[in-house]
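To start, the structure under review is shown below, and the notes come after it.
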Amino acid sequence: MAERNVAEETAAASVTYADAGVDIQEGARAVQAIKETVHSTYRPEVIGDIGGFGGLFSIAAAKSMADPILVSGTDGVGTKLKVAQLVGKNDTVGIDLVAMCANDILATGAEPLFFLDYVAVGKLDAQAVSQVVAGIGEGCRQAGCALIGGEMAEHPGVMDPADYDLSGFCVGVVDRPAMLDPEQVQVGDALIGLASSGIHSNGYSLARKVCVEGKTVEELTAPCDALEGQSVAEALLAPTRIYVKPVLEVLRRCPGAVHALAHITGGGITENLNRALNERVDAQVQLGTWPAPAIVRYVCDAANLSEEEALKTFNMGLGMVLAVDPMAVDEVCAALAEAGETVYPVGQVVAGEGNVTYVNEGALL
């Protein structure tokens with residue numbers, strides 16, 4: 001009898017994975033919900049399907065390269081996700097995730113080949129996850145890379161039920177003789193800027209503090225005159241522009257014309273353009289040669305941010321800056337414009353020590 005009571009107590013105390021907050025069945029539904037999105041990104045090199053323990057991708061095409069170099073990058077979306085979660089718009093932050101990784105490896109001249117994501121959620125909801133992954137799929141299609149794997153993890157007790165976070169991992173390839181290198185940048189090179197779609201995915205801790213905190217969803221989603229009729233939420237959630245296809249096309253059409261490329265992310269122009277320089281040159285940026293987007297002005301005004309500080313925080317309207325052979329500027333600009341980019345000549349390379357300097361200060365803000 002005593003043994004029976006112990007068994008009954010043990011049975012009564014049994015706790016399942018679902019009881020702990022992890023829903024395996026919802027996870028399976030989520031995988032089914034994203035299959036079509038995943039398949040829409042596939043390239044011919046993809047082997048197999050999602051669901052295995054590893055994503056498979058053939059690099060046989062690299063055999064035609066003289067010295068193929070694999071280039072990898074990883075990033076997240078940061079606190080921009082909090083804005084998306086607050087207003088319930090989760091279908092574009094996946095584009096940001098791909099953009100942050102693909103644009104980074106593009107800075108070497110690499111073509112993104114495949115992408116993997118990591119989605120952590122407080123409580124798994126197949127429909128909500130499929131919205132996020134739809135954005136990741138769109139980003140992969142824009143970048144030309146395949147979504148070959150990923151992970152969905154439920155974190156009950158660690159994250160709030162409606163909370164989620166994203167990480168991404170991208171791998172590309174470039175032929176070493178064609179690789180972009182800061183050592184190639186020379187005095188006299190032209191600086192060519194590509195327009196951003198807004199703040200992209202950086203500076204959101206500041207933007208949220210001055211533009212989101214204390215506001216209702218109704219206030220954030222109402223049209224705003226200062227934002228040309230957009231709402232604050234719409235402007236803040238504009239997805240990061242993916243520059244992969246236009247830039248790769250220029251590199252193919254104008255070989256040797258682009259010497260280096262800077263992806264303008266956290267740290268703004270000041271802390272990113274210098275990464276595309278060697279220690280013999282400076283980037284001399286001419287302020288006033290491109291317009292700051294309305295949302296950038298809006299956030300800077302709300303924060304009472306100086307132009308100098310803004311240039312170290314936001315992209316200020318330039319998502320990428322290219323250092324270009326001065327003899328090829330017209331050809332490069334024409335090719336970029338033909339590919340749909342808004343292009344600005346924003347300065348030149350001068351003798352220096354690897355720093356970013358500004359001319360005509362006060363003309364941007």
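The values are calculated or read from the model by the stated rules, or taken from the named source; none is laboratory data. Since we're looking at a predicted model, the values are computed, not measured. We place every Cβ from the backbone using ideal geometry, glycine too, and count neighbours over all the protein chains shown. To get the accessible areas, we keep the full protein, side chains included, count just its heavy atoms, and leave off ligands, DNA and RNA. Shrake-Rupley method; radii C 1.70, N 1.55, O 1.52, S 1.80 Å.
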Out of all the residues in region 127-150, which are among the aliphatic types (A, V, I, L, M) and more than 17 Å from D165 (Cα to Cα)?
A143, A146, L147, I148
If I filter region 210-248 down to residues being in a helix (DSSP H, G or I) and free of Cβ contacts under 8 Å to residues at least 40 places away in the same chain, which single residue comes out as surrounded by the most Cβ atoms within 10 Å (Cβ to Cβ)?
E234
Any pair with Cβ under 8 angstrom, 6 or more apart, that starts in region 150-165 at a residue that is within 14 Å of D117 (Cα to Cα) and ends at one that is hydroxyl-bearing (S, T, Y)
G150/Y118; E151/Y118; A153/Y118
Starting from region 190-208, keep only residues that are modelled with pLDDT under 95, then list their pairs with residues that are surrounded by fewer than 23 Cβ atoms within 10 Å (Cβ to Cβ) and aromatic (F, W, Y) whose Cβ atoms are within a distance under 7 Å, requiring at least 6 positions of separation or different chains.
none
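Per-residue answers, yes or no, for (1) within 27 Å of Y243 (Cβ to Cβ); (2) of a type outside the set (S, T, N, Q); (3) at pLDDT below 95; (4) open to solvent by less than 10 Å² (accessible area, probe 1.4 Å):
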| position | (1), (2), (3), (4) |
| --- | --- |
| I95 | yes, yes, no, no |
| N103 | yes, no, no, yes |
| L124 | no, yes, yes, no |
| G137 | yes, yes, no, yes |
| G150 | yes, yes, yes, no |
Within region 180-203, take every residue that is open to solvent by 10 Å² or more (accessible area, probe 1.4 Å) and over 21 Å from the mean Cα position of the chain (by Cα) and give me the one that is nearest to A62 (Cα to Cα).
D181
Hand me the list of strands (runs of 3 or more DSSP E) wholly inside region 279-365 holding 3 or more residues that are open to solvent by less than 30 Å² (accessible area, probe 1.4 Å).
281-286, 318-324, 343-351
Does region 83-92 contain any residue that is open to solvent by 10 Å² or more (accessible area, probe 1.4 Å) and of a type in the set (D, E, K, R)?
yes
Scanning region 31-47 for residues that are exposed (fewer than 14 other Cβ atoms within 10 Å of the Cβ) and modelled with pLDDT of 90 or more gives P44, I47
